[in-house]
1. Run the helix sum for the chain: -39,500 (n - 2.57) per DSSP H stretch of 4+ residues, divided by residue count, reported at 222 nm to the nearest 500 deg cm²/dmol.
2. Using the beta-carbon distance between I6 and S34 and R0 = 41 Å, what value does 1/(1 + (r/R0)^6) give for FRET efficiency, to the nearest 0.05?
3. Pop out the ³J(HN,Hα) list for the stretch 108-114 in order, Karplus 6.51 cos²θ - 1.76 cosθ + 1.60 with θ = phi - 60°, rounded to Hz; leave Gly and Pro as x.
4. Could you run the Karplus curve 6.51 cos²θ - 1.76 cosθ + 1.60 with θ = phi - 60° over the stretch 39-51 and give me ³J(HN,Hα) per residue in whole Hz, x for Gly and Pro?
5. Normalised by the number of residues in the stretch 81-165, what is the relative contact order in percent for Cα pairs under 8 Å and 6+ residues apart?
6. Distance cut-off 27 Å, Cα to Cα: go down the list K2/K94; K3/K32; K14/K94; K21/K94; K3/K41; K2/K153 and report the pairs above it.
7. How much length is gained on full extension from T77 to K125, taking 0.36 nm per residue of separation minus their Cα-Cα distance?
8. So which chymotrypsin sites (Phe, Trp or Tyr not before Pro) in the stretch 27-90 end up in coil per DSSP with only 15 or fewer other C-beta atoms within 10 Å?
Amino acid sequence: MKKRKIFIQWLFEKSESVYTKYFKKNEPWNIKKSDLIIYPKHSFGYHLGQFLENNDFDLIPKVERHDAYHVLTGYSTRVEDEIAQQYLCFGNGKRSLYLFGVIILGTIILPDYLNHYLRSYQIGKASNTFHNLDFRHLLNASYADVRSCIFSKSQIHALKKVHYA
């Protein structure tokens, strides 16, 4: 399984620049991790900055929303969680070529986590729509308020459980 995960990680890395260059038409946020870390500690922006800091990442221009999804859902950057997060977004109504590619290839190459993927899909389907939010405009908002507007208490509990399954 480790080799399959490494292969999927390699696919993610190779496809990222092609996807952002040829398929993403939105404007980059032009915000750095250091800008996010100075937001108030309760804010979504601060939590996003902490996520980036903890994973030694910077925001990727034009796909900043992806990291916002991690913060919102609590999904890690492990390969199986990256795939599960796409399932969650699919359940929430998101449709993109990249999402379909991740779901199809991820399921074929790493079917060991199919239950995790399907639980994630169900959580996304049951939650309020978030896949199309402009999180850049929510950076000052309370992290807890943003989450509670999207997920019910039982969905937040399910998100916690899904990470330990």
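1. Computed ellipticity for the chain at 222 nm equals -19500 deg cm²/dmol.
2. According to the calculation, E is roughly 0.85.
3. 5, 7, 10, x, 4, 10, 4
4. So the J values, rounded to whole Hz, are 5, x, 4, 7, 7, 4, x, 4, 4, 5, x, 5, 4.
5. Over the stretch 81-165, the number comes to 36 percent.
6. The answer is K2/K94; K3/K32; K3/K41; K2/K153.
7. 15.1 nm
8. Loop-located and lightly packed - F57.
The values are calculated or read from the model by the stated rules, or taken from the named source; none is laboratory data. The structure presented is a predicted model; accordingly, all values stated were derived computationally and were not measured. Virtual Cβ from ideal backbone geometry, glycine too; neighbours counted across all protein chains shown. Accessible surface is based on the protein model in full, side chains and every heavy atom, while ligands, DNA and RNA are left aside. Shrake-Rupley method; radii C 1.70, N 1.55, O 1.52, S 1.80 Å.
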